Structures are given as C-alpha cells and as structure tokens.
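The values are calculated or read from the model by the stated rules, or taken from the named source; none is laboratory data. Please read these numbers as outputs of a predicted model, since none were measured by experiment. Note: ideal-geometry Cβ built from the backbone for every residue, glycine included; neighbour counts use all protein chains shown. Keep in mind that these areas ignore ligands, DNA and RNA; they rest on the heavy atoms of the full protein, side chains included. Shrake-Rupley method; radii C 1.70, N 1.55, O 1.52, S 1.80 Å.
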Amino acid sequence: MAILVTGGAGYVGSVTVECLRARGEVVVVLDNLTRGHRPAVDRDVPFYEGSVGDRALLAHIVREYEIESCIHLAALACVGESVAEPAQYFENNVAQGIALMGGLLQAGVRRVVFSSTCATYGEPEQVPMQEHSRQWPSNPYGWSKLLLERLLDSYNTAYGLKFVALRYFNAAGATENRGEQHEPESHLIPNVISVALGEQPYVPVFGDTYPTPDGTAIRDYIHVADLATAHLRALEYLRHGGNSNFLNLGTGCGFSVMEVIENARQATGRQIPFRIHPPRSGDPPRLVADASRAQAVLGWKPMRSDLLSIIRSAWEWRLRHPRGYVTQDETGDLVQRDLVTTEDSPAAR
Ligand SMILES: NC(=O)c1ccc[n+]([C@@H]2O[C@H](COP(=O)([O-])OP(=O)(O)OC[C@H]3O[C@@H](n4cnc5c(N)ncnc54)[C@H](O)[C@@H]3O)[C@@H](O)[C@H]2O)c1
C-alpha cells in the first residue's frame, strides 16, 4: 500500500515526501514538472511525470502501487499569474482536480489530504483568522482552491470521501536538502535571501502605510518542515477514522516585511537594501492564522517556525545549493536555474 503525492517535486511536496519517507511510509510521486524539480525527489522514489488530470495514468498508478491515500499538492500557485491567466488556474487546479478526485473515487481511494490556502479567505473580517471565517477569495487562485474545498465537502457527504483540507499560511524555510525555488520567485523570504547574496539589488517593499506598527504588511510564516509533519498527522488522523475537516496551518504570530528583512540581516550578517513601492491592490494589511483547531484535531504544533530559524534554514540551503536545483537538458548538460523575480504578491498564497 502506498501514498500518492501529487506535486511531490514542488517546494512543499518534496519536503512532505522527505518527511513521509523518514517515517517509513511508501510514497509514489505524480508531478508534471511544470513548476517542480526532478532532483527534489530522490531517485529511489517511484516518480511519474504526468498531470493529475490524466485519468488513465492515475488508474495505472493506483493499481500498480495499491494507493490507499492521496496527498494532493499539485497546483499552480501564483496570485498575480492567476489574475492575468485565470483560465490556466481553473483548468489546472479545478478541472484537473475534479478529474483526480473522480479517478481516486472510481479506484476506491477514499482518503485525501488537500493543500488549501489562506487565500480562500480573501480580505479577512477578523484576525487571527479562524476556519469558520468568511471565505471570499480576492483572486482566481484563491477561488480555484475554494472550489476544490467545496467539491471535497460534497464528495464527503455523497460518496464518503474523507479529507483534510490544510489551509497553509506562508510556507517558508528549508530542510537540509530541499528548499524553495520558484521561477520566477514571488515569495518574500527567498527574495530577501537573493538580495543578501547580491543576486538582486534590493527588496521591493509594497506599501509602508498599512495600519500596522511599522506600516508594512504582516504575514504568518510557517516552516515547511512543520507543514510536512501536519500532512503526516492528517493522514494518520484519517486512517484512524477521523472526520473530514478544514484546518489552518500557521503559527498565530505575524511578522511585517520590515521584521523579515531585519531578521534576515541577523541570520545572514549581510546588508539587505530595500525600496518602498506602492501597495498592491488586494494585499491585506494582516493575515495571521488561528491554528488552534489543527492543534486540537491533529495534536500538531509548529516546532521550527520561529522567524529567525526559518530564515536561517533558507539561507543555509541557498549556501549549500548556490545554484539551487540543477537539472539536465536533453544533451545531458547541466542547466542552471535563472534567478529572476517578479513583483507578484508575497502575501496570500
Ligand atoms: N508555498 C506556499 O506558501 C503555499 C501557501 C498556501 C498553499 N500552498 C499550496 O501548496 C501546494 C504546494 O505549493 P508549493 O509552494 O510547493 O508550489 P510548487 O509550485 O513548488 O509545487 C507545485 C507542484 O505541482 C506540480 N503541478 C502543478 N500542476 C500540476 C498538474 N496539473 N499535474 C501534476 N503536477 C502539477 C508542479 O510541477 C510543482 O512541482 C499548492 O497546492 C499551493 O497552492 C502553498
């Protein structure tokens, strides 16, 4: 019996695979590598390069490995891109997500852990945000995740599909061998580190007049290894007959952009210049989780998520892997990643 991890070559997925394997779980990865990195998954893990919407491939994997549960992380996950290209997001995240859930049900797989997001809440009416807070996403990415949440809830009622939807806040940090590498990179911490390394001249800070103590936006950063552990706990919870659930994964502590930069100066010992830019529309001043339900339901709490440790781990990963993940092109030559950034939202993802 094995666990199917979709999106296992991505940032959170690869760390989740690492965590599951460390606990002796048997894992199979399905990833189309549109955003992931083949070297992020160990060679001895069965790996299928393909899309979650490919029903024939899914049926083959489920049969071949006797899949008992699925951790579904595969998605496109850039807020700004989803505004510019909503069709891609609804096709990839929703249409393919529907195909995946249909294929799993058809094959008799009835346990799913789903990567959802704080972006399903949109502009919060109250902070810290609770699971029953109003959900009204401010972008197509958030809607694509909310639609899958609704689908899972209906399939639970109608077909007995048991799921845990984990609403992550801002994933950050690295393990020894796996870290964050998106191209382009829209997330704050890897971009701050890139500035510390001299790869970019400054950190763009979007807005300094928010109603927060230093005027910059506040987010809840959660170490990727803590997120990975929560997936394992959610799986165990479902295996023990737990009911379907929606759970926030965050620390309950928020840090402003300026606090992140200040902590990064300490962690790296480097200068980190920044420049104030106008705020982006739809970027709320404060997004912080109330994660008490995850603690009550899963017995989970973040262990590595103090901001300085998060930034140190990300910094150390970049120092150990200065070129990030490196892949080979058809000629066998090593291809280095392009280090580029966008001004996409570092906020709700
Ligand atoms: N990183 C965060 O802070 C954050 C926050 C909230 C939620 N999430 C969610 O967590 C999940 C993982 O995020 P991440 O940061 O690791 O993203 P990522 O882009 O690093 O990983 C996603 C992986 O899914 C793969 N993929 C995408 N569409 C696919 C498809 N149709 N079929 C097969 N593979 C496909 C990509 O190739 C990639 O390897 C996503 O669902 C994202 O929405 C992430």
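Yes or no, residue by residue, for (1) modelled with pLDDT of 95 or more; (2) in contact with a Phe, Trp or Tyr (Cβ under 6 Å, 6 or more places away or on another chain):
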{"position": "Ser116", "(1), (2)": "yes, no"}
{"position": "Tyr141", "(1), (2)": "yes, yes"}
{"position": "Leu147", "(1), (2)": "yes, no"}
{"position": "Leu151", "(1), (2)": "yes, no"}
{"position": "Asn170", "(1), (2)": "yes, yes"}
{"position": "Ala174", "(1), (2)": "yes, yes"}
{"position": "Ser186", "(1), (2)": "no, no"}
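No other residue among Ala56, Ala9, Ala87 is surrounded by fewer than 22 Cβ atoms within 10 Å (Cβ to Cβ) and over 21 Å from Glu149 (Cβ atoms) apart from Ala56. Kindly establish whether Trp143 is open to solvent by 50 Å² or more (accessible area, probe 1.4 Å), over 19 Å from Gly36 (Cβ atoms) and within 18 Å of the chain's Cα centre (by Cα). Spelling it out, Trp143 is indeed open to solvent by 50 Å² or more (accessible area, probe 1.4 Å), over 19 Å from Gly36 (Cβ atoms) and within 18 Å of the chain's Cα centre (by Cα). When Arg239, Arg265, Arg293, Arg280 are screened for being under 29 Å from Thr34 (Cβ atoms) and surrounded by fewer than 19 Cβ atoms within 10 Å (Cβ to Cβ), only Arg280 passes.
Restricting attention to segment 150-170, the residues that are within 12 Å of the ligand (Cβ to nearest atom) and open to solvent by less than 10 Å² (accessible area, probe 1.4 Å) total 5.
The rows are residues; the columns are (1) open to solvent by less than 40 Å² (accessible area, probe 1.4 Å); (2) of a type in the set (D, E, K, R).
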| residue | (1), (2) |
| --- | --- |
| Val79 | yes, no |
| Val83 | no, no |
| Arg111 | no, yes |
| Phe114 | yes, no |
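Within segment 22-33, the residues that satisfy the criterion of being within 8 Å of the ligand (Cβ to nearest atom) and either aromatic (Phe, Trp, Tyr) or over 19 Å from Gly179 (Cβ atoms) (or both) are Leu30, Asn32.
Results for (1) charged (D, E, K, R); (2) out of contact with any Leu (no Cβ under 8 Å at 6 or more places or on another chain); (3) within 8 Å of the ligand (Cβ to nearest atom), shown as yes or no for each residue.
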position: Tyr48; (1), (2), (3): no, no, no
position: His60; (1), (2), (3): no, yes, no
position: Leu73; (1), (2), (3): no, yes, yes
position: Tyr89; (1), (2), (3): no, no, no
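The single condition from (1) crowded, with 22+ Cβ neighbours inside 10 Å; (2) under 20 Å from Val164 (Cα atoms) that Gly102 fails is (1).
Taking segment 123-140 as the range and being open to solvent by 10 Å² or more (accessible area, probe 1.4 Å) and under 24 Å from Ala228 (Cα atoms) as the test, the residues that pass are Pro128, Gln130, Glu131, His132. Inspection of segment 172-180 finds a residue satisfying the criterion of being of a type outside the set (Ser, Thr, Tyr) and outside any loop (DSSP other than H, G, I, E, B). The sole residue among Ala158, Ala165, Ala172 that is free of Cβ contacts under 8 Å to residues at least 40 places away in the same chain and aliphatic (A, V, I, L, M) is Ala158. Taking the conditions (1) free of Cβ contacts under 8 Å to residues at least 24 places away in the same chain; (2) within 12 Å of the ligand (Cβ to nearest atom) in turn, Ala56 satisfies each one other than (2).
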